[in-house]
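The values are calculated or read from the model by the stated rules, or taken from the named source; none is laboratory data. Since this is a predicted model, take the numbers as computed values, not measurements. Using ideal geometry, Cβ is built from the backbone for each residue, glycine included, and neighbour counts are taken over all protein chains shown. Quick note on the areas: whole protein, heavy atoms, side chains included, nothing else; ligands and nucleic acids left out. Shrake-Rupley method; radii C 1.70, N 1.55, O 1.52, S 1.80 Å.
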Amino acid sequence: KVNHLNDLSWELKYNNPDTSIILENQALFLAEKLQWKKGIANSLNNLGIYNAIKADYPKALDYYLKALKIDNVILNEAKNPSEKQAAKKGIARRLGNIGIVYMDQGDYPNALDYYLKALKVNEELGRKNGVAINLSNIGIVYMEQADYTNALDYYFRYLKMAEELGNKSYQATALGNIGIVYMQQADYPKALDYHFKALKIDEELGNNNGIARHLGNIGTVYKDQTNYPKALDYYLKALKIDEEIGDKSGIAIKLGNIGLLYTSTGKYDEAYIYLYRALAISDSIGAKYYEKDHY
């Protein structure tokens, strides 16, 4: 029953994260009743993921650290190579997820530290799926620090592995991130090409988080080319989806982007309203990187 609750909550995580949290708490309660350490760790990890989707970073980090602690206990108690390998897989996942939380809060040194730790464990285990995720996240850290050469290197390595794995979700993420790098380099035709490819895949998958992200990025490309009407259209579409799924981080980003757009067009009253709303949400979720931008 714990496993079934985990599976069901996982399927609902993007479109109904609140329902996922309710189901996962039921799974956690049963796992604790059974004193099943692996089940407890998995439920804690999933609760971290669902809270991260909702951009509740303090809760997400707390759940991940609790899961990591239990994984280390399981590793120390493991009696054979198979049990040790399973425990290390859990540790690698937790390390990567902790890195994501730090990344979303703009804490790049801690993010890179945890990503590299996760990458090392996954490489030791020969887990291509885990390595792919770590490569992507390391690329993000480099991109946010404007190291575009290293960012593209890691992103294309990630895309290649995603194609080898046949993972469409990873492919969409890789394509979208490559589009962002080209956007930062003002190569707008390439940026739009990669963003629309990513959008098409996530639309096929029904991934609303991904769809909102790509729509927002496409809006930014048009904004950078001063095509403000088109940019606003894509921003509003993205904002609507983020509001529907309750993604506070996404809402703050889209509100901030709309505020910047109105600033660029000299509509300062409208700009202030959107930026102030963005700031309030970023402050409430502890996303200091976004707070800085909104200020």
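Give just the number: which of (1) at pLDDT below 95; (2) touching a Lys or Arg at 6+ places or on another chain (Cβ under 7 Å) does Y290 not satisfy?
(2)
For the stretch 208-221, state whether one or more residues are more than 27 Å from D153 (Cα to Cα), open to solvent by 40 Å² or more (accessible area, probe 1.4 Å), touching a Gly at 6+ places or on another chain (Cβ under 8 Å) and at pLDDT 95 or above.
Checked the stretch 208-221: no residue is more than 27 Å from D153 (Cα to Cα), open to solvent by 40 Å² or more (accessible area, probe 1.4 Å), touching a Gly at 6+ places or on another chain (Cβ under 8 Å) and at pLDDT 95 or above.
Within the group L112, L125, L135, L65, which residue is touching a Gly at 6+ places or on another chain (Cβ under 9 Å) and either crowded, with 22+ Cβ neighbours inside 10 Å or farther than 19 Å from L47 by Cα (or both)? Show your work before the answer.
Values: L125 fails: touching a Gly at 6+ places or on another chain (Cβ under 9 Å); L135 fails: touching a Gly at 6+ places or on another chain (Cβ under 9 Å); L65 fails: either crowded, with 22+ Cβ neighbours inside 10 Å or farther than 19 Å from L47 by Cα (or both).
Answer to the check: L112.
Can you name the condition, by its number, that K79 falls short on among (1) surrounded by fewer than 16 Cβ atoms within 10 Å (Cβ to Cβ); (2) part of a helix (DSSP H, G or I)?
So K79 meets the others, but not (2).
Looking at A162, A191, A198, A174, which is the one that is open to solvent by less than 70 Å² (accessible area, probe 1.4 Å) and more than 22 Å from N129 (Cα to Cα)? Lay out the reasoning, then the answer.
On the way: A162 fails: more than 22 Å from N129 (Cα to Cα); A198 fails: more than 22 Å from N129 (Cα to Cα); A174 fails: more than 22 Å from N129 (Cα to Cα).
None of the others qualify; the one that does is A191.
Looking only at the stretch 245-263, decide whether some residue is in a loop (DSSP other than H, G, I, E, B) and crowded, with 20+ Cβ neighbours inside 10 Å.
So in the stretch 245-263, the residues in a loop (DSSP other than H, G, I, E, B) come out as 246-247.
Pick out the ones that are also crowded, with 20+ Cβ neighbours inside 10 Å and you get 247.
Checked against the condition, which is being in a loop (DSSP other than H, G, I, E, B) and crowded, with 20+ Cβ neighbours inside 10 Å, the stretch 245-263 yields at least one hit.
Go through the residues of the stretch 66-76 one by one and say whether even a single one is in contact (Cβ under 8 Å) with a residue 40 or more places away in the chain and part of a helix (DSSP H, G or I).
Residues of the stretch 66-76 that are in contact (Cβ under 8 Å) with a residue 40 or more places away in the chain, as a first pass: none.
For the stretch 66-76, residues in contact (Cβ under 8 Å) with a residue 40 or more places away in the chain and part of a helix (DSSP H, G or I): absent.
Which residue is nearest to the chain's Cα centre (by Cα), if the candidates are limited to the stretch 41-65 and must be charged (D, E, K, R) and part of a helix (DSSP H, G or I)?
Start the filter on the stretch 41-65 by keeping residues that are charged (D, E, K, R), which leaves 54, 56, 59, 62.
If we keep only those that are part of a helix (DSSP H, G or I) as well, we get 59, 62.
Values: K59: 15, D62: 17 Å.
Only one residue tops the list, namely K59.
Any idea which of I98, I133, I138 is within 13 Å of the chain's Cα centre (by Cα) and at pLDDT below 95?
Details: I98 fails: at pLDDT below 95; I138 fails: at pLDDT below 95.
When all the criteria are applied, what remains is I133.
If you scan the stretch 245-264, which residues turn out to be more than 24 Å from G106 (Cα to Cα) and either at pLDDT below 95 or among the small types (G, A, S) (or both)?
The answer is S264, and nothing else.
Exactly one of (1) open to solvent by less than 30 Å² (accessible area, probe 1.4 Å); (2) acidic (D, E); (3) under 14 Å from the mean Cα position of the chain (by Cα) is unmet by E24. Its number?
Condition not satisfied by E24: (3).
Just checking, how many residues over the stretch 217-253 are over 18 Å from Y276 (Cα atoms) and in contact (Cβ under 8 Å) with a residue 60 or more places away in the chain?
2
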